[in-house]
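The values are calculated or read from the model by the stated rules, or taken from the named source; none is laboratory data. Here the structure is a predicted model, which means the values were calculated and not measured. Positions of Cβ are backbone-derived with ideal geometry, glycine not excepted, and every protein chain shown enters the neighbour counts. Surface areas here come from the heavy atoms of the whole protein model, side chains and all, with no ligands, DNA or RNA. Shrake-Rupley method; radii C 1.70, N 1.55, O 1.52, S 1.80 Å.
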Amino acid sequence: MKQSATFIPTLRETPADAEVKSHQLLLRAGFIRQNTSGIYSYLPLGKKVLQKVEAIVREEMEEAGSVEIAMPALQQAELWQESDRWYSYGAELMRMTDRNGREFALGPTHEEVITSLLRDEVKSYKKLPLNLFQIQSKFRDEKRPRFGLLRGREFLMKDAYSFHATTESLDETYDQMMQAYKNIFTRLGLNFRAVLADSGAIGGTDNHEFMVLSDIGEDTVAYSDSSSYAANIEMAEVNIDYNRPDEAVKEMEKKETPDQKTIAQVAEFFGTTADQCIKTLIFSADEELVMILARGDHEINDIKVKRVTGAKVIEMATPEQVEALLSCEVGSIGPVKLPEGIRVIADNAIKTIVNGIAGANEAGMHWINVTPEEDFAVDSYEDLRFVQEGDPSPDGNGTIVFAKGIEVGHIFKLGTRYSEAMDGTFLNDQGKAKPYIMGCYGIGVSRVLAAVAEEFQDGKGFIWPNVITPYDIHLVPVNMKDEAQRELGEDLYKLLKSYRYEVLLDDRNERAGVKFADSDLIGLPIRITIGKRAAEGILEVKVRSTGETFEWKREELLDHLQQFFKI
Ligand code: 9G3
C-alpha cells in the first residue's frame, strides 16, 4: 500500500480526553476516530489489525469445532419478552421501533436469537451437540464509555453458543472452548489468566473470565503466587480455618462512645485494633432484613451475601429500615440483645473475636468484652468477606496477590436458563422432550485490539506483534525527489510484495523527521529506510521492538527478512 493513497491521519498532539496509552496512540497513529461517545470508526490501519485479531479467533474457534454463522443485530422484542429480559434490562439495552411501531432491541448479546433459531430446527438428540459462533457488532448503552475501544457502546464481539443433550457433553465443549481461548490469547502474546468468575445476572453455573493483566484494568484478579488458582475478586473464596483464641471471656460492659461512628474511630477510642471490632451491616435480601457480621478489618462481599442468602435481589438496608428494625442509627448497631426473629449470618473470621467491641443498638453506646456465642447468637458462619492480599490461596498453594485485569473473554455454562424460558427442546434417546443444555462463550474482539495496543507500545508509538501488525514492513524512501531513492523504493516495493510481504511504502513528500516519527508511531515490526547510500544499494533497517538498526545490502534483504519473520 502506498501511503499517499491510503488514509492514516497521524496527530502530533495527544488528544486531551484520551486517558490511557492505547486510546491516545490509536487516535494519534490514525487507527481509529471517535464518532460520538463510545462509538468509533476503524481507519485502514485499525481495520487491518481488527481483521487479523478476528482471523486468529476464527481459526481457533473452528479448530475447536465451532461453526460460523451470522445473526441479526436487530432483535424483535418478543424474543426478549419470552426470556423475561425485556423488562429486566434498563437503559443499557438499546431499543427502537420500526415503521409499524414494532419494538426491537439492538443486540447486546444473542442468547434469545440463537435459541429461537435452533428451537425450530434441532428437535432430536441426534443433532446435538452443536457449537455455533459469530463475530459481530454488539450494542450496549454503557453509562460511562471510557478508554476508547476498551469500553464502547458499539463494539465487536465473537459470541459462541453450544447446545447439548447432556451436561457431560457441555463440560466437554466448555473445556474445548477454554483451550481455544488460551490458544487465542497466547498467540496474541497477551499476559492473561483464566479466572473463576461470578455468572452475574445471566445465571448458569461454572464460568471463567479471561483477564489480561494490566494496570488500567477495571477488574481485580486475586491469584495465587504459587499455583494456577485465579479468581475475580468478587468470586475469590476465603478458605481459612479460624479458631477462637483461648483468652478468658470477660463480662460484657456498655460504654459511652460519644460521636464514635466508624470502626476506626471506635478502635482508636478503646485503644484497640479493627480486628477486635464487630462490623455490623443490615442487608435487604429479597425484602427480608438480615444482619451480616464481619471483623472490623474485613470488607463484606455482597455477591457472597447474595449467594449465601439465596436472594434474587440483595441491597444494603436503608437508614430508615435500620432505624425501624433496631431503633438506632446505622453507626451504633450490633448483634447483642437483638429483637426476636432477625437472622444473623457472620463471616467465619468473627470466630477469632473474644472480648471484642460491638455497637449497642443505642446512639453513642458500644459494648466491650463481646464474645460470639457467649453474648450473642449466630445463625450461621459463612465465607462472606472479600479476599485480601496475603490471604492463603484457597487451594492451599501459596498466597493471594492482586492484579488489575482487562476482561477480554468470558465463558459460561448456561444450563437450561434460555431453552426452558423459550421452549428450546429436543427429543432425547427415550423420546422425551428435554430443554437444550447450553453454553455461551464471548470474546471482546475490539477490546482485545485495545488490550494488545495497551501492552505493545513504548509511549512513542506501537510495537505491533508480527501476528497482528497492520503491515509487515515500512518501506521509507527519505527523499522522494531523489531519483535513486525513489526508484529503489519502487523496485523493493514490487519485489517484497512479490514475496507476499505486506508493505506500507511511505511515498509522501514529507521531511525525514516527519516520516520517521510517523513510522515509530504506527509501529510496524521493521522499517527499511532508503537514504543517502541508496545508490550503493545499502539499506538502513530498524527493528521496532528492539530499536536495533542495521545496514543491509539490497541483495541480502530477502534472506534477512526471512530470518526476521521466521517464515
Ligand atoms: C443485555 C445488556 C447487557 C448485557 C447483557 C444483556 C452482558 C448480557 C451477559 C452476556 C453473557 C454472554 C454471549 C457471549 C458471552 C457473554 N451484558 N450480558 O446478557 F440486554 Cl443491555 O452477554 N453472552
Problem - Spacing of the two label points (7 Å from each Cα toward its C-beta) at Thr167 and Glu13, in nm - result: 6.0
Practice task
Note down the net charge around Ser226, summing +1 for each Lys or Arg and -1 for each Asp or Glu among other residues with Cβ under 15 Å from its Cβ.
Solution key: -3
Practice task
Compute, for Glu420, the solvent-accessible surface of its heavy atoms (probe 1.4 Å) with the complete set of protein chains present, and express it in square angstrom to the nearest 10.
Solution key: 120
Handout entry: Cross-link pairs Lys2/Lys494; Lys143/Lys306; Lys261/Lys351; Lys138/Lys158; Lys126/Lys434 - those with Cα-Cα distance over 20 Å
Key = Lys143/Lys306; Lys261/Lys351
Exercise for the section: Give the calculated FRET efficiency between Asp458 and Glu68 to the nearest 0.05, with a Förster radius of 35 Å applied to their Cβ-Cβ distance. Expected result: 0.45
Practice task
Work out the P(r) tail for region 396-499: percent of alpha carbon pairs separated by more than 20 Å, whole number.
Solution key: 71
Handout entry: Karplus-derived 3J(HN,Hα), 6.51/-1.76/1.60, for each residue of region 342-353, Hz, glycine and proline x
Key = 8, 6, 10, 10, 10, 5, 3, 5, 4, 4, 7, 8
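Add -39500 (n - 2.57) for each DSSP H run of 4 or more in the chain, then divide by its residues: what number comes out at 222 nm, to the nearest 500 deg cm²/dmol?
-7500 deg cm²/dmol
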Completion exercise
Length-normalised contact order of region 90-205, Cα under 8 Å, at least 6 apart, in percent, tallies to 20
Exercise for the section: Using only Cα atoms, find the angle between the long axis of helix 445-455 and the longest principal axis of the chain, and express it within 0 to 90 degrees, rounded to the nearest 10. Expected result: 80
Problem - Vicinal HN-Hα couplings computed from phi for region 77-88 (Karplus, 6.51 cos²θ - 1.76 cosθ + 1.60; Hz; Gly/Pro x) - result: 4, 3, 5, 6, 6, 4, 8, 6, 10, 4, 8, 7
Practice task
With N denoting the number of residues in region 473-565, provide Rg(C-alpha) divided by 2.2 N^0.38 Å, to two decimal places.
Solution key: 0.97
Problem - Euclidean distance between Cα centres, region 414-488 to region 334-407, Å - result: 44
Practice task
With everything on Cα atoms, drop me the angle between helix 167-187 and the longest principal axis of the chain, reported from 0 to 90° to the nearest 10.
Solution key: 50
Exercise for the section: Take the alpha carbon atoms of region 168-182, find their center, do the same for region 62-104, and report the distance between the two centers in whole angstrom. Expected result: 26
Exercise for the section: With an 8 Å cut-off on Cα pairs and a minimum separation of 6 or more residues, tell me the relative contact order of region 253-382 in percent. Expected result: 29
Problem - region 253-382: equivalent-ellipsoid semi-axes (sqrt of 5 x gyration tensor eigenvalues, Cα, Å) - result: 22, 16, 13
Practice task
Please work out how much accessible surface Arg146 shows to a 1.4 Å probe, ignoring ligands, DNA and RNA, in Å² rounded to 10.
Solution key: 90
Handout entry: Solvent-accessible area, 1.4 Å probe, carbon plus sulfur percent, for the chain
Key = 48
Problem - Nearest-ten-degree value, helix 483-498 long axis tilted from longest Cα axis of the chain - result: 60
Practice task
Would you tally the net charge around Pro465, using a Cβ to Cβ cut-off of less than 11 Å, leaving Pro465 out, and scoring K and R as +1, D and E as -1?
Solution key: +2
Fill in the blank from the handout: Relative contact order as a percentage, region 473-565, C-alpha pairs under 8 Å and 6+ apart, gives 29
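What is the local net charge at Leu427, summed over the other residues whose Cβ is closer than 14 Å to its Cβ (Lys, Arg +1; Asp, Glu -1)?
+3
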Problem - Mean Cβ count within 10 Å, highest first, over the residues of peptides 238-246, 122-130 - result: 122-130, 238-246
Completion exercise
Rounded to the nearest 0.05, FRET efficiency between Asn397 and Glu247 (Cβ-Cβ, R0 25 Å) equals 0.20
Practice task
With label points built 7 Å along Cα→Cβ from the Cα atoms of Ala5 and Val543, find their separation and express it in nm.
Solution key: 3.2
Exercise for the section: Give a quick list of trypsin sites (Lys or Arg not before Pro) in region 391-466 that DSSP marks as loop, anything other than H, G, I, E or B, with at most 16 other Cβ atoms within 10 Å. Expected result: Lys432, Lys460
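Could you provide, to the nearest whole Å², the per residue accessible area of region 473-565 with probe 1.4 Å?
For region 473-565, the per-residue accessible area is 48 Å².
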